[in-house]
Amino acid sequence: MKKIIALVSAAMVALSAAADEGMWLLPLLQKFNSDAMRNIGCRLTAEDIYSINSSSLKDAIVQFGGGCTGEIISEEGLLVTNHHCGYSSIQRLSTPEHNYLEDGYWALNREMELPVPGLTVTFMKSMQDVTSAFRKATTPEQVEAKVKELEEQAGKDNPHCRAMVTSFYNNNVYYLIIYKVYTDVRFVAAPPAALGKFGGETDNWMWPRHTCDFSMFRVYAGENNEPAEYDPANRPLKPARSLKVSLKGVREGDFAFVMGYPGRTQRFQTAAQLRQMMAQHRISIDARTVRQGVMWEEMEKDPAVRLQYANKYAGSANGWKKWQGEELAFENLDIIGREEAKEAAYEEWVAAKPRRVKAYGGAIAEIEAGTKELEGPMETYLLLSETLANIEVLSVARRPGDKDYNAVVDRKIAKAMIGHYLANVKPGEAIGVSDSEEYLDKLYGEDPAEREALFERMRDKIMSVLPAVREANGKISAASQRFTAGLLEWEKGKASYPDANFTMRLTYGNVLPYSPKDGMSYWYYTTTDGLLQKENPDDYEFRLPADVKKAVVAEDFGRYADADGKLHTCFLTNNDITGGNSGSPVLDADGALIGLAFDGNWESMSSDVMFEPDLQRCICVDIRYVLWMVEKIGHADNLIGELTFVK
């Protein structure tokens, strides 16, 4: 490992940055990105963005919950993120009598702000490269011991904080990251679902877009502004930094950058890994198609069921649609073929020198062998987890008082999931289960014996494949470390950044339109005209509340109107984002908030694997649309009054 780390360090010294592609590490902005950012319009320094000695923009950017980004927009701890990021929290707080998800919610004073149990907001304090500490760690056990040592010491050095050692570049680089986690987070505002999720799954991953995808929360602190569990006596957080808001709007070519917590990308995976990933996604797509069909049918029948299953459906459907788009993009853009061509050229480079052969030779073949070992066990695991594991009656006893459990709907889902499982499980691998009414009567009867027995059979089956999964993943991980180190040396001098892994990153570029296919061009922005054009009172996904329609028709846009007199709803940039960036601030050349990132576009759904500069776009909700909704529809002048506006 010592040799590999040294080679990686040497390879990274000469890197130069591209103007659009890249999820860049903040401590390296001065070294790799500051000139390129300035050349396309940025007026900030690297120190303005990331500093450990004084307040900087990174202090306003948070990880919201476990999988989104948010940003602090007032000196009173007010936070804005996407509606779909706050969706599960809003759903948990909602009841048929107080359906905040469906009707929206506006806290007109602090007393109306609602605590959200279990929700966290995480601030990053610092990132330090500690790769050199691992040079003598040659086994997984030694790496684990070193991680524990560094984290324990950092925890002592940073009270009220959480220390984490995180690996990058497939375990070739390590950073010690210090976080501060706040647990008293309260729901403040959100538009009704008809706006916050306008277009639903039909418009998801699509452009043009008109979704007002935002929600607001507030971070509260205990004594000395430190994290504390919920207490009515807690006070709003006094942040180290909050974002200023720009109402001037965007124009084509404007500089724009995004900061946030991108989740996972696969830009250092081999063709064998990509083929396996797509095969696994197909298992999930097929199972989710069946389950979502049952859920949607029941949700359409009853508003109470819609509320119960809103988050379950949304959580399933987002990946389901993304993976289908990914399949199309892989085919249309020849992703596997391009990766294979790259690997062939790389293998020639490795073979040209004995030193390279010794360091990197055989890694691709070892990865492919590992994926073949992983194939069978993972298929078994995935099919079970996507089908029988989604039968809620098997676990509801461990969730007493679950307001979102519906036995009637769950039984219908169970019948469909069992049927799908039996139709797709390999011969001889099925666990004892049936989709007959007699079996379902037993499964949903008063006697819990069959529920407990089925749960045990599922657990035993999963446990039986886990050793093979762990062994294969271990082989793939070791080979991937060598493969990635080789790639970094081979591509020395080219732009390089590690795969996304839920750590804070920055991506920069410009506001741009795009052409999805020959003879077709898309503008870089949309307006409320599209709300009226898409409206369909008979389609749940395209309803338009009466008060919103009235304000749009009257063009009652106030100071949020663009120079053209219209209210712009969404816009496009070529920023490089992925899941986890949802809710990320889109910032202008001076670091002022101009929008929230909330989606990618259909034509570039392979972007987690390869960046497509001509096609890939980040879909952003215009901050003026957000604030118009807060002020004109929510009448929450108290929230508008907290903001600092810049021209």
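The values are calculated or read from the model by the stated rules, or taken from the named source; none is laboratory data. All of these numbers come straight from a predicted model, not from anything done at the bench. When we count neighbours, we look across all protein chains shown, and the Cβ atoms used for this are built from the backbone with ideal geometry, even at glycine. Surface areas here come from the heavy atoms of the whole protein model, side chains and all, with no ligands, DNA or RNA. Shrake-Rupley method; radii C 1.70, N 1.55, O 1.52, S 1.80 Å.
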Open item on the list: Which residue is least open to solvent (accessible area, probe 1.4 Å), if the candidates are limited to segment 401-425 and must be part of a helix (DSSP H, G or I) and of a type in the set (D, E, K, R)?
Closed with: Asp410
TODO: Specify the residue that is most open to solvent (accessible area, probe 1.4 Å); the eligible residues are those in segment 382-400 that are under 27 Å from the mean Cα position of the chain (by Cα) and over 18 Å from Glu450 (Cβ atoms).
DONE: Arg399
- [ ] Inspect segment 617-633 for any residue being free of Cβ contacts under 8 Å to residues at least 60 places away in the same chain and assigned to a loop (DSSP other than H, G, I, E, B) and give the result as yes or no.
- [x] no
Open item on the list: Just the residues that are under 27 Å from the mean Cα position of the chain (by Cα) and either over 15 Å from Gln269 (Cβ atoms) or hydroxyl-bearing (Ser, Thr, Tyr) (or both), please, taken from segment 469-487.
Closed with: Val469, Arg470, Gly474, Ser477, Ser480, Thr484
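Pick from segment 401-436 the residues that are charged (D, E, K, R) and within 30 Å of the chain's Cα centre (by Cα): which of them is farthest from Glu300 (Cα to Cα)? Lay out the reasoning, then the answer.
Start the filter on segment 401-436 by keeping residues that are charged (D, E, K, R), which leaves 402-404, 410-412, 415, 426, 429, 435.
Cutting the leftovers down to within 30 Å of the chain's Cα centre (by Cα) gives us 402-404, 410.
Working: Asp402: 21, Lys403: 19, Asp404: 16, Asp410: 15 Å.
Restricting to residues being charged (D, E, K, R) and within 30 Å of the chain's Cα centre (by Cα), the top hit is Asp402.
Output the number of residues of segment 548-559 satisfying the condition of being surrounded by 18 or more Cβ atoms within 10 Å (Cβ to Cβ) and either within 31 Å of the chain's Cα centre (by Cα) or not in a loop (DSSP other than H, G, I, E, B) (or both).
Qualifying residue count, segment 548-559: 3.
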Open item on the list: Can you confirm whether Val621 is out of contact with any Ser or Thr (no Cβ under 9 Å at 6 or more places or on another chain), open to solvent by less than 20 Å² (accessible area, probe 1.4 Å) and closer than 20 Å to His210 by Cα?
Closed with: no
Open item on the list: Any residue in segment 529-553 that is free of Cβ contacts under 8 Å to residues at least 12 places away in the same chain sitting within a Cβ distance under 6 Å of a residue that is of a type in the set (Phe, Trp, Tyr)? List the pairs, counting only those 6 or more apart or interchain.
Closed with: Asn536/Phe542
TODO: Report yes if some residue within segment 505-528 is assigned to a loop (DSSP other than H, G, I, E, B), in contact with a His (Cβ under 6 Å, 6 or more places away or on another chain), modelled with pLDDT of 95 or more and more than 30 Å from Arg264 (Cβ to Cβ); otherwise report no.
DONE: no
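Tell me, yes or no, whether segment 469-477 has at least one residue that is among the basic types (Lys, Arg) and under 21 Å from Ala279 (Cα atoms).
Within segment 469-477, one or more residues are among the basic types (Lys, Arg) and under 21 Å from Ala279 (Cα atoms).
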- [ ] Would you tally the residues in segment 340-363 being touching a helix residue (DSSP H, G or I) at 6+ places or on another chain (Cβ under 7 Å), open to solvent by 30 Å² or more (accessible area, probe 1.4 Å) and either among the β-branched types (Val, Ile, Thr) or not in a helix (DSSP H, G or I) (or both)?
- [x] 1
TODO: Within segment 35-44, identify whether any single residue is in contact with a strand residue (DSSP E or B) (Cβ under 6 Å, 6 or more places away or on another chain), outside any helix (DSSP H, G or I), over 22 Å from Pro239 (Cα atoms) and of a type in the set (A, V, I, L, M, F, W, C), and answer yes or no.
DONE: yes
Task: segment 113-140, subset at pLDDT 95 or above and open to solvent by 60 Å² or more (accessible area, probe 1.4 Å), residue farthest from the chain's Cα centre (by Cα) - done: Ser132
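Only residues that are within 30 Å of Leu328 (Cα to Cα), of a type in the set (Ser, Thr, Tyr) and surrounded by 13 or more Cβ atoms within 10 Å (Cβ to Cβ): list them for segment 511-528, please.
Answer for segment 511-528, where residues must be within 30 Å of Leu328 (Cα to Cα), of a type in the set (Ser, Thr, Tyr) and surrounded by 13 or more Cβ atoms within 10 Å (Cβ to Cβ): Tyr514, Tyr522, Tyr524, Tyr525, Thr526, Thr527.
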TODO: Within segment 134-171, work out how many residues are in contact with a strand residue (DSSP E or B) (Cβ under 7 Å, 6 or more places away or on another chain) and aliphatic (A, V, I, L, M).
DONE: 6
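Residue-wise test of (1) in contact with an Asp or Glu (Cβ under 8 Å, 6 or more places away or on another chain); (2) exposed (fewer than 12 other Cβ atoms within 10 Å of the Cβ).
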residue	(1), (2)
Leu440	no, no
Pro448	no, no
Asp460	no, yes
Val465	no, no
Glu471	yes, no
Gly474	no, no
Ser477	no, no
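Yes/no matrix, rows are residues, columns are (1) free of Cβ contacts under 8 Å to residues at least 40 places away in the same chain; (2) among the hydroxyl-bearing types (Ser, Thr, Tyr):
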site: Gly401; (1), (2): yes, no
site: His420; (1), (2): no, no
site: Gly445; (1), (2): yes, no
site: Arg459; (1), (2): yes, no
site: Gly474; (1), (2): no, no
site: Thr484; (1), (2): no, yes
site: Lys492; (1), (2): no, no
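State all residues of segment 560-577 that are in a loop (DSSP other than H, G, I, E, B) and crowded, with 23+ Cβ neighbours inside 10 Å; if no residue qualifies, say none. Walk me through how you get there before you give the answer.
Keep residues of segment 560-577 that are in a loop (DSSP other than H, G, I, E, B), which gives 561-567, 574-577.
Of everything in segment 560-577, those that are in a loop (DSSP other than H, G, I, E, B) and crowded, with 23+ Cβ neighbours inside 10 Å turn out to be Leu567, Asn574, Asn575, Asp576, Ile577.
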Open item on the list: Quick check on segment 287-308. Is at least one of its residues in a helix (DSSP H, G or I), within 19 Å of the chain's Cα centre (by Cα) and free of Cβ contacts under 8 Å to residues at least 40 places away in the same chain?
Closed with: no
Task: Looking only at segment 102-112, and only at residues there that are assigned to a helix (DSSP H, G or I) and within 25 Å of Asp231 (Cα to Cα), the one that is most open to solvent (accessible area, probe 1.4 Å) - done: Glu111
Open item on the list: What's the number of the only condition in (1) crowded, with 20+ Cβ neighbours inside 10 Å; (2) closer than 19 Å to Asn424 by Cβ that Met299 fails to meet?
Closed with: (2)
- [ ] List every residue pair whose Cβ atoms sit under 8 Å apart, with the two residues 6 or more apart in sequence or on different chains, where the first one lies in segment 499-510 and is closer than 12 Å to Met124 by Cα and the second, anywhere, is of a type in the set (Ser, Thr, Tyr) and surrounded by fewer than 24 Cβ atoms within 10 Å (Cβ to Cβ).
- [x] Thr503/Thr166; Thr503/Tyr175
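Kindly establish whether Leu531 is modelled with pLDDT of 95 or more, open to solvent by less than 10 Å² (accessible area, probe 1.4 Å) and in contact with a His (Cβ under 8 Å, 6 or more places away or on another chain). Can you show your working first?
Details: modelled with pLDDT of 95 or more: yes; open to solvent by less than 10 Å² (accessible area, probe 1.4 Å): yes; in contact with a His (Cβ under 8 Å, 6 or more places away or on another chain): yes.
So Leu531 fits the description; yes.
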Open item on the list: Checking the condition among the acidic types (Asp, Glu), touching a Phe, Trp or Tyr at 6+ places or on another chain (Cβ under 9 Å) and crowded, with 21+ Cβ neighbours inside 10 Å, which residue from Asp203, Asp213 passes?
Closed with: Asp213
TODO: With the checklist (1) outside any strand (DSSP E or B); (2) surrounded by 20 or more Cβ atoms within 10 Å (Cβ to Cβ); (3) touching a helix residue (DSSP H, G or I) at 6+ places or on another chain (Cβ under 7 Å) in hand, flag the one item Met259 doesn't pass.
DONE: (1)
TODO: Looking only at segment 585-601, decide whether some residue is assigned to a helix (DSSP H, G or I) and surrounded by 23 or more Cβ atoms within 10 Å (Cβ to Cβ).
DONE: no
